[in-house]
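Remarks on the structure that follows.
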Amino acid sequence: MSLTGPYDDSNVFARILRGEIPAHKVYEDDRILSFMDAFPQSRGHTLVIPKTPARTLFDLPADDLANLITHTQRIATAVRAALMPEGVSLMQFNGAAGGQTVFHIHFHILPRWDAEALKGHGDNKMASAEELAATAAVIRAHLG
C-alpha cells in the first residue's frame with residue numbers, strides 16, 4: 001500500500017466516528033475525537049484523531065493538523081496528570097512501511113514507566129471494557 005491514496009471510509013476509525021463501533025471516549029468536539037486504544041501498548045494508551053477524513057499527515061489540511069496537535073498536547077497533559085507516568089511517548093505513523101496500521105491519521109499518546117516494557121504496536125491483546133472506561137474517566141477528569 002502506498003503512502004498516499006484514496007481515503008477508505010470503512011477503516012476502523014471512520015467507523016468509530018460514525019458510531020458503528022464503540023469507543024471509550026476521552027474528548028470530543030466538532031473536529032476531534034480522542035479515545036482509549038482497545039489494544040493498548042501501555043496503561044492509558046490514548047488516541048487522538050481528526051474528524052476530517054485523511055489517511056496521513058500529508059493528506060490533512062494544515063489548519064486541521066494544527067488543531068490536531070494542539071488537542072494532542074492538551075490530552076497528553078491530562079494523561080500525564082491523571083496517570084503520573086515517568087515519561088510520555090507520542091507516536092504518529094504514515095504509510096504501511098512507516099508502521100501505520102489504521103489508515104486515518106492519528107496520534108498515539110503512550111504513558112511510560114521505567115519498570116514497564118512498551119508492548120508492540122498492533123500485536124498485543126485487547127483490554128477489558130471496564131479498564132478502558134475507568135482510565136478514560138480518570139483522564140477526562142483532568143481535562144478541565
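The values are calculated or read from the model by the stated rules, or taken from the named source; none is laboratory data. Note that the coordinates shown come from a computational prediction; the quantities given were computed from them, not determined experimentally. Cβ placement follows ideal geometry from the backbone for every residue including glycine, while neighbour counts extend to all protein chains displayed. Protein only, heavy atoms only, side chains kept; ligands, DNA and RNA dropped before computing areas. Shrake-Rupley method; radii C 1.70, N 1.55, O 1.52, S 1.80 Å.
Enumerate the residues in segment 27-41 having an amide nitrogen under 12 Å from the point lying 7 Å beyond the Cα of Val88 toward its Cβ.
Under cut-off, by backbone N: nothing.
On the accessible surface of the chain, probed at 1.4 Å, how many percent belong to carbon and sulfur atoms?
Numbers: 4130 of 7360 Å².
Solvent-exposed carbon and sulfur of the chain make up 56 percent of the total.
Per 0.36 nm of contour for each residue apart, how much would the distance between Ser10 and Asp63 grow if the chain were fully extended, relative to their Cα-Cα spacing?
That pair, Ser10 and Asp63, stretches by 16.6 nm at full extension.
Excluding ligands, DNA and RNA, what is the solvent-accessible area per residue of segment 42-139 at a probe of 1.4 Å, expressed in Å²?
On a per-residue basis, 48 Å².
With contacts defined as alpha carbon pairs under 8 Å and 6 or more residues apart, what's the relative contact order of segment 7-144 in percent? Don't jump to the answer; show the numbers that get you there.
Working: 228 pairs, mean separation 43.2, N = 138.
It rounds to 31 percent for segment 7-144.
Longest exposed-loop-site-free stretch of the chain, with trypsin sites (Lys or Arg not before Pro), DSSP loop and at most 11 other Cβ within 10 Å? Before the final figure, lay out each step's value.
Values: sites that count: Arg18, Lys125.
Longest gap between qualifying sites, sites excluded: 19-124.
Once both labels are modelled 7 Å past Cα along the beta-carbon direction, what's the Arg31-Ala134 spacing in nm?
Result: 3.5 nm between the two label points.
Report the GluC sites (Glu not before Pro) located in segment 1-88 that are in a DSSP loop and have at most 13 other Cβ atoms inside 10 Å of their Cβ, or state none.
On the way: sites: Glu20, Glu28, Glu86; in loops: Glu20, Glu86.
Qualifying residues, ordered by number: Glu20, Glu86.
Taking the Cα of Ala141, stepping 7 Å toward and past its beta carbon, and measuring to each backbone N in segment 61-96: which are under 11 Å?
Residues 82-83 fall inside that zone.
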